[in-house]
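K.L.:
Before I ask anything, here is the structure I am working with.
The values are calculated or read from the model by the stated rules, or taken from the named source; none is laboratory data. Computed from a predicted model, the values in this text were never measured in an experiment. Cβ coordinates were reconstructed from backbone atoms using ideal geometry, including for glycine residues, and neighbour counts include every protein chain displayed.
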Amino acid sequence: MVADHQKEEEYNRGVKIQMSRYTDALCKKCRREGAKLFLKGERCNTNKCAIERRNYAPGQHGKNKVKLSEYGLQLRAKQKTKTYYRVSESQFSKYYEKAFASKGVTSEVLFQYLETRLDNVTYRMGIGSSRAEARQLVGYGMLSVNGRKVDIPSYNVKVGDVIKVRDEKKENNAIKLTLEKTKSKTAPAWLELDKDKMEAKVLRLPAREEVDLDVQESLIVELYSKK
């Protein structure tokens, strides 16, 4: 209990810091990909979003149009997806290897692994205005899966799993603030969301067309097929 309380205090302090700090590096990532990747939560839906103000790549020659090679297009597709889900290079490679070894379509299975990460599911539930914030919530032990506390952001949920804010954490001020910011957000069809109970059930695995990321996944497959 003491450890949980300490984690909660650390999370509350972290939220206050995030709310007052502007880290331009994240906005540069969106500008590099030429699309909103929603790395800064609700800020991305306002006119303060970098894409709204400077819709061109960062750097001295950012406004110059550059024609990418075939490899460049493939690399950008991978980087865009990796940045969107906030996963490392090694994590992304492992997901691809698992998807490739599966019986399904590699690109579709890849996105299923990424979408069913607990930090992403938490974000999809509206419990976290960004994936980074959702990851913090998971890491600080605020959520449970099937009644068991899980504090591993990369944990993959399965069909039938119930994800919820732990009962003793529902009155947490940081969580209340986050839910207030995301109250108009709706969950994808593969999740059954109950906002009053702060919980969701995984009805099925997500389909690729349900993922709001504009990227040609075939380019990612082509990139890894060369290795």
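K.L.:
Only residues that are part of a helix (DSSP H, G or I), over 26 Å from Leu223 (Cα atoms) and of a type in the set (A, V, I, L, M): list them for segment 107-129, please.
P.N.:
Matches in segment 107-129: Leu118, Val121.
K.L.:
State yes or no: is Ser88 under 14 Å from Lys201 (Cα atoms), among the small types (Gly, Ala, Ser) and free of Cβ contacts under 8 Å to residues at least 40 places away in the same chain?
P.N.:
No; evaluated as a whole, the condition is false for this residue.
K.L.:
Hey, can you tell me all the residues within segment 130-172 that are of a type in the set (A, V, I, L, M), in a helix (DSSP H, G or I) and buried (at least 21 other Cβ atoms within 10 Å of the Cβ)?
P.N.:
Ala134, Leu137, Val138
K.L.:
Of these, Gly72, Gly59, Gly104, which one is at pLDDT below 90 and either β-branched (Val, Ile, Thr) or within 30 Å of Tyr224 (Cα to Cα) (or both)?
P.N.:
Gly59
K.L.:
On to the next question. Would you point out the residue of segment 173-227, among those that are polar (S, T, N, Q) and part of a helix (DSSP H, G or I), that is nearest to the chain's Cα centre (by Cα)?
P.N.:
Looking at residues that are polar (S, T, N, Q) and part of a helix (DSSP H, G or I), I get Thr178.
K.L.:
Does any residue of segment 107-120 turn out to be of a type in the set (A, V, I, L, M, F, W, C) and within 22 Å of Ser184 (Cβ to Cβ)?
P.N.:
no
K.L.:
Applying the selection to segment 120-154, what residues are touching a strand residue (DSSP E or B) at 6+ places or on another chain (Cβ under 7 Å), of a type outside the set (Gly, Ala, Ser) and under 22 Å from Tyr85 (Cβ atoms)?
P.N.:
Answer for segment 120-154, where residues must be touching a strand residue (DSSP E or B) at 6+ places or on another chain (Cβ under 7 Å), of a type outside the set (Gly, Ala, Ser) and under 22 Å from Tyr85 (Cβ atoms): Val121, Thr122, Arg124, Met125, Ile127, Leu137, Met142, Leu143, Val145, Val150, Pro153.
K.L.:
What residue, of Asn146, Asn156, is at pLDDT 90 or above, among the polar types (S, T, N, Q) and more than 23 Å from Gln91 (Cβ to Cβ)?
P.N.:
Result of the check over Asn146, Asn156: Asn146.
K.L.:
Taking segment 63-106, which residues are crowded, with 18+ Cβ neighbours inside 10 Å and within 13 Å of Ile220 (Cα to Cα)?
P.N.:
The answer is Gln74, Arg76, Ala77, Lys78, Lys80, Thr81, Lys82, Phe92, Tyr95, Tyr96, Ala99, Thr106.
K.L.:
I've got another one for you. What residue, among those in segment 93-128 that are β-branched (Val, Ile, Thr) and free of Cβ contacts under 8 Å to residues at least 60 places away in the same chain, is farthest from Lys158 (Cα to Cα)?
P.N.:
Val105
K.L.:
Of the numbered conditions (1) farther than 30 Å from Thr106 by Cβ; (2) under 16 Å from the mean Cα position of the chain (by Cα); (3) not aromatic (Phe, Trp, Tyr), Asn156 satisfies every one except a single condition; which is it?
P.N.:
(1) is the only condition that Asn156 fails.
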